[in-house]
Amino acid sequence: MLSRSSWKSDLLHILFDEGKFREINKKMSSKDPLNFEDSKKYKDRLSSAQKNKS
């Protein structure tokens with residue numbers, strides 16, 4: 001199984017031509033204007049995912 005960062009990197013290579021992708025805002029984050037909720041609130045799920053990001 002691929003790690004999450006490896007998977008994302010592979011996906012970017014599939015979607016964008018080599019050398020043509022440039023990340024413009026690493027600090028941009030998702031918002032929750034519709035207040036999504038399932039077993040957890042979206043903002044709690046997002047916060048947890050950001051803490052576990054490698």
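Taken together, the values in this text are just the output of simple stated rules run on the coordinates, not laboratory data. Everything numeric here is computed off the predicted structure, so don't read it as measured data. Heads up, the Cβs are rebuilt from the backbone with ideal geometry, glycines too, and the neighbour counts pull from every protein chain shown.
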Neighbourhood charge, 14 Å Cβ-Cβ cut-off, centred on Lys43 and excluding it, Lys, Arg +1 and Asp, Glu -1:
+1
Connecting every pair of Cα atoms under 10 Å apart in the chain and solving the GNM, the largest mean-square fluctuation among Lys31, Lys40, Lys20 falls on Lys20
What value, in deg cm²/dmol to 500, does the helix sum -39500 (n - 2.57) over DSSP H runs of n ≥ 4 give at 222 nm once divided by the residues of the chain?
-12500 deg cm²/dmol
Only one of the values (i) 1.58; (ii) 1.05; (iii) 1.08 was calculated from this structure for Rg/Rh (Cα atoms, Kirkwood Rh); name its label.
(ii)
Find, among the chymotrypsin sites (Phe, Trp or Tyr not before Pro) in the stretch 12-54, those assigned to loop by DSSP (not H, G, I, E, B) with at most 14 other beta-carbon atoms within 10 angstrom.
Phe16, Phe21, Phe36
Rounded tilt (10° steps) of 42-51 against the dominant C-alpha axis of the chain:
50 degrees
